[in-house]
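Enquirer: What follows is a single structure, and I will ask about it in a moment.
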Amino acid sequence: MSITSRETVQVFPDSAALTRAAARDFVALAKATVTEHGVFSVALSGGSTPKRLFTLLADDSQGELAAPWEHIHCFFGDERHVPPDHADSNFRMANESLLSRVNIPTANIHRIRAENPDAATAAAEYEADLRAFFTPRNLVRDGFPRFDLILLGMGPDGHTASLFPGSSALGEKERWMVSTWVEKFKTHRITLTYPAINHAAKIALFVAGADKAPMIHEVLVQYKDAPRYPVQFVRPVDGEKLWLLDAAANASA
Ligand code: 6PG
């Protein structure tokens, strides 16, 4: 296997321009992948920037941003430990902004059953769901799923998905999905692990807003060669890592 990993940074004047570019990229990649392989797998993220992307994809799903939804499978990179109708649920956000508004078959929506009172069981069940999708389609590489696209955000503390600084989840080498206690929110989260993320063909990291500028400076400039924050260990083994920033987040980079 040829190992070709690329990391690119794109900066947009504002979050509207970022969202528009991300939506065009999403649709172009989905179309090309469906044409080539018949199916497109994407892991969705929580967060405010993905929400704007989801809304735009749905708003224009009959126009320029029409995507082959009948062949797109939507997964989740992480989930809060709440039922699907809870205000904090990533599934609820994606469903309301996008999934309920486009022509995607119900069977193509793969949510994390985070209503399970035991977060570890919810993670194990979701890993089994992922294996049931990726294994028969021959989309497992070195023991990990090869998503076509994983969408991620970054918190001001440098977390991504639900991989928070200091979490035991950061050291996971074998499982695809784990539960993790997040002390700052006093709750469990359910998240993809690094090896599961890093085997994706493409990882898009959305970061917008001035509150992210200090951490963007740390991860892309100050500690670029001496990584210390969770988002910096997102490193595709054979794929592309694309940062999409707005000018405010990039202000001091
Ligand atoms: C979540 C996300 C999380 C998010 C970042 C950035 O479930 O909240 O997966 O990792 O992407 O916290 O969120 P914002 O885009 O809202 O700043």
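Enquirer: Please report the net charge: other residues with Cβ closer than 12 Å to the Cβ of His199, K and R +1, D and E -1.
Expert: +1
Enquirer: If a paramagnetic tag sat 7 Å from the Cα of Lys184 along the Cα-Cβ line, which residues of the range 211-250 would have the backbone N under 16 Å from that point?
Expert: Correct set: 211-219, 228-233.
Enquirer: Here is a further query. Stretched out fully, how many nm does the piece from Asp14 to Gln62 gain, at 0.36 nm a residue minus the Cα gap?
Expert: Extra length from Asp14 to Gln62 when fully extended: 14.8 nm.
Enquirer: Follow-up. With a 1.4 Å probe and every protein chain left in place, tell me how much accessible area Val231 has, in Å² to the nearest 10.
Expert: Per-residue accessible area (Val231): approximately 0 Å².
Enquirer: Moving on. Ignoring ligands, DNA and RNA, please state the percent of accessible area on the range 107-253 from carbon and sulfur, probe 1.4 Å.
Expert: Details: 3100 of 5900 Å².
The C+S portion of the solvent-accessible surface of the range 107-253 is 52 percent.
Enquirer: Right, another one. Using a 1.4 angstrom probe and counting only protein chains, how large is the accessible area of Asp225 in Å², to 10?
Expert: Its heavy atoms expose roughly 140 Å² to the probe.
Enquirer: Continuing with the same structure: Of Lys31/Lys241; Lys173/Lys202; Lys31/Lys224, which sit over 22 Å apart, Cα to Cα? Intermediate values should be presented prior to the final figure.
Expert: Working: Lys31/Lys241 20 Å; Lys173/Lys202 20 Å; Lys31/Lys224 34 Å.
Exceeds cut-off: Lys31/Lys224.
Enquirer: Tell me, what is the FRET efficiency for Ser168 and Arg6 to the nearest 0.05, using R0 = 35 angstrom and their Cβ-Cβ distance as r?
Expert: With a Förster radius of 35 Å, E is 0.70.
Enquirer: Considering all alpha-carbon pairs of the range 126-247, what whole percent are spaced by more than 20 angstrom? It would help to have the intermediate numbers written out before the result.
Expert: Numbers: 3219 of 7381 pairs.
Above the 20 Å cut-off, the range 126-247 has 44 percent of its Cα pairs.
Enquirer: Regarding the chain, what is the average projected area of its C-alpha convex hull, in nm²?
Expert: Hull-based average projected area comes out at 12.7 nm².
Enquirer: Write down the accessible area per residue of the range 17-146 in Å², having rolled a 1.4 Å probe over the full set of protein chains.
Expert: 44 Å²
Enquirer: Hey, what's the Kirkwood Rh for the range 1-97 if you take every pair of different alpha carbons, in angstrom?
Expert: After inverting the mean inverse Cα-Cα distance, the result is 14.8 Å.
Enquirer: What full-extension length gain, to one decimal in nm, is calculated for His86 and Arg228 as 0.36 nm per residue of separation minus the Cα-Cα distance?
Expert: 47.8 nm
Enquirer: So which aspartates and glutamates can Lys212 reach, going by Cα to Cα under 16 Å and dropping same-chain residues fewer than 8 places off?
Expert: Asp14, Asp157, Asp246
Enquirer: Sort 184-194, 63-73 by the packing proxy (mean of other Cβ within 10 Å over each peptide's residues), most packed first.
Expert: Descending packing order for the listed peptides: 184-194, 63-73.
The values are calculated or read from the model by the stated rules, or taken from the named source; none is laboratory data. Keep in mind it's a predicted model, so treat the numbers as computed, not measured. With ideal geometry, Cβ positions are generated from the backbone for all residues, glycine too; neighbour counts draw on all protein chains shown. With ligands, DNA and RNA removed, areas are computed over all heavy atoms of the protein, side chains included. Shrake-Rupley method; radii C 1.70, N 1.55, O 1.52, S 1.80 Å.
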